Amino acid sequence: MSFTLKGIGVSKGIAIGKIHIIDHDTIEVNEYTLSKQSLDDEVARFEDALVIARQQLQKIQKNIPKTAPEDVVTFIETHLLMLNDSLLVDAPIQFIKEKQCNAEWALKLQCDYLVKVFDEMDDPYISSRKRDVEQVVSRIQHILRGHTELPSSTDVSNAIVVADDLTPADTILMQHQGILGFATEYGGTTSHTAILARSLGIPAIVGLHRARRYVKPDDTLILDGIHGVMLVAPDQRTVEYYEQKQKQDKQRRTALKRLKQAPCVTLDGQEIKLHTNIEFPEDMSSVKKAGSNGVGLYRTEFLFMNRIDPPDEAEHYAAYLKVVKSLKHGEVTIRTVDLGGDKQANPLHAGSWIANPALGLRAIRLCLKNMTLFKQQLRAILRVSAEGNVRMMIPMLSGLQELTQVLNVVEETRRELSQEGFDFDPNMPVGAMVEVPAMAVCTDLFLPYLDFLSIGTNDLIQYTLAIDRCDDSVNYLYDPLHPAILRLIKMSIDGAQNGCKPISMCGEMASDTRYVRLLLGLGLRAFSVNPEAFLEVKQIINNTDINSLHTNITRMLSTDSPTEMRYLLDKMNT
Ligand code: PEP
Ligand code: MG
């Protein structure tokens, strides 16, 4: 029987294929007391489970595509190493013998102990490594439960994944395995998983509550990321209809390519700076394909994902150099690492150990607490500034003291590099994201110390309207047209103009074609968008006369009616 499920479409495009269900749910473990005579058998059962776990991981390792990034390889290697570590191998055996308990319980006791040790570590990066332990333990528990086949979650090629939730790290791994699309039961429009899906061009839906209950393995699915609907077991006519839509979408994209070489300029002759957001050096191929000549936001935190050790200076430098070299003279804005919140370095259950991760030790706060990590990145950014047109951007800045601290570290790093004989651009611009409301209302205080600003609407909306950007239950409140948001954007643009400093927008609002004219009308002259949206945004800019927007903009800034707001937006876009 065919039926339809409705969620929130977060990444455009249509996928048609077989379903693949991923179950992250943890296994409940009970304690059983065993007789002395059966202890040897129980130890053997545990050791057999370890052998199977190793075989599973070796099988995954063998199937990693050659094109997969080094991180994917490291991720699997790390788990294999753990399976040989006495902490996971010997300690549970000891528990089985001493407590006369079943293997599952012994393993759980040891896992709880290790997690506690990790939690007590002061270093948030190391502490977050506990999730690797949990993931390896979960694999062994599944095997002890009798699931000895490779968990199906490892083979997602040419499938549409349906899961409770996916982390950004999961998304990266699955993209390399060739998924067609995904639907999750939780998640928000501007969660980093959703942003990644858009930038990787994977059709996606979030907030499909209890979807896994309604579907079964091998069902055929149509996932419509534009309208946020998932059609389960569709009939042949419906499949043909969506295949036709896929074809039309492809044709539309091909037609947009004619804009690749065109300048980005409005009908009234205003040149607009249009750059691209990237997450990996590999994204430069999409940047080139779109015809973009600048990176307005390089989210460097993705360098930290799916691996055990953080990248060192050499690795940072090599990644940045690839981006800088591939653009030749184009501007590259490297954002210092924005880990924390929904971007934990580790792939499992990200963020569960902090009460309010989005308000916690995230981004620049985390960097200032972990100077070793921060300095390695700063050294690499400064060194790569000698090779091209590089700017550095600070995420989540909220206080002047924080800014002073950052600028002091940058200065100190410059001195060290000089002494060591490294080249760098002494005038490399240093700017900041406007993504905490405190920054938007105080640009006049920050700007004397900064060279540029970039508005991050994903977090600006989250923090202004107090809505967790990853929580689909409050997604309906996530409104870029809220008067407070429009006012903060306008204040930031005006503040930058008064301070004679450039300002752009790299939040997802800039990539959303509905808002491009509104932003031009508010005075924005620089956009950084995801590669998938680049040509569509350019098309709108090139078809806009900014002078004709003023009346509508004035009304939008003064109306208190959401209905009128939407009416005015539609009017502006027709
Ligand atoms: C933003 O917050 O708008 C932004 C661009 O940063 P991120 O999405 O990486 O938090
Ligand atoms: Mg942000």
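Tabulated data
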item: Long-range HN-HN contacts of Cys101 with modeled amide H, under 5 Å; result: Leu34
item: Enclosed volume per residue, in Å³, of the convex hull spanned by Cα atoms of region 467-574; result: 120
item: Alpha-carbon spread of region 229-277, three principal axes, descending order, Å; result: 50, 21, 19
item: Relative contact order of the chain, pairs being alpha-carbon contacts under 8 Å that are 6 or more residues apart, as %; result: 16
item: q = 0.11, 0.12 Å⁻¹, region 259-573: log10 I(q)/I(0) [Debye, one scatterer per Cα]; result: -0.68, -0.82
item: Listed residues Leu520, Val161, Tyr463: farthest to the positive end of the dipole of the chain (Cβ charges); result: Leu520
item: Relative contact order (%) - criterion: Cα under 8 Å, at least six apart; region: region 259-573; result: 19
item: The chain - convex hull of the alpha-carbon atoms, volume per residue in Å³; result: 159
item: Exposed GluC sites (Glu not before Pro) absent - longest run of the chain, DSSP non-H/G/I/E/B, at most 10 other C-beta within 10 Å; result: 150-419
item: Positive dipole terminus of the chain, leading residue within Leu403, Met1, Val89 (C-beta point charges); result: Met1
item: Area accessible to solvent at Val537, 1.4 Å probe radius, in Å²; result: 0
item: Per-residue [θ]222 nm for the chain (sum of -39500 (n - 2.57) over DSSP H runs n ≥ 4, rounded to 500); result: -14000 deg cm²/dmol
item: Flagged links, alpha-carbon separation over 23 Å, of Lys245/Lys343; Lys18/Lys247; Lys343/Lys375; Lys6/Lys260; Lys36/Lys130; Lys12/Lys247; result: Lys245/Lys343; Lys6/Lys260; Lys36/Lys130
item: Accessible surface ranking that places the most exposed of Asp90, Asp560 first, with a 1.4 angstrom probe; result: Asp560, Asp90
item: Members of Lys501/Lys538; Lys288/Lys328; Lys538/Lys571 lying beyond 21 Å, as alpha-carbon distances in this model show; result: Lys501/Lys538
item: Exposure ranking of Val115, Val332 by accessible area [1.4 Å probe, largest first]; result: Val115, Val332
item: C-alpha center-to-center spacing [region 301-340, region 235-278] in angstrom; result: 29
item: Solvent-accessible area of Leu477 with every protein chain in place, 1.4 Å probe, in Å² to the nearest 10; result: 80
item: For region 449-524, the spread of Cα positions along each principal axis, largest first, Å; result: 41, 28, 19
item: Debye, to nearest 20: dipole size of the chain, +1 on Lys, Arg Cβ, -1 on Asp, Glu Cβ; result: 1960
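The values are calculated or read from the model by the stated rules, or taken from the named source; none is laboratory data. This is a predicted model, so every value here is computed, not measured. So basically every Cβ, Gly included, is an ideal-geometry build from the backbone, and we count neighbours across all protein chains shown. Remember, those area values only see protein heavy atoms, side chains included, never the ligands or the DNA or RNA. Shrake-Rupley method; radii C 1.70, N 1.55, O 1.52, S 1.80 Å.
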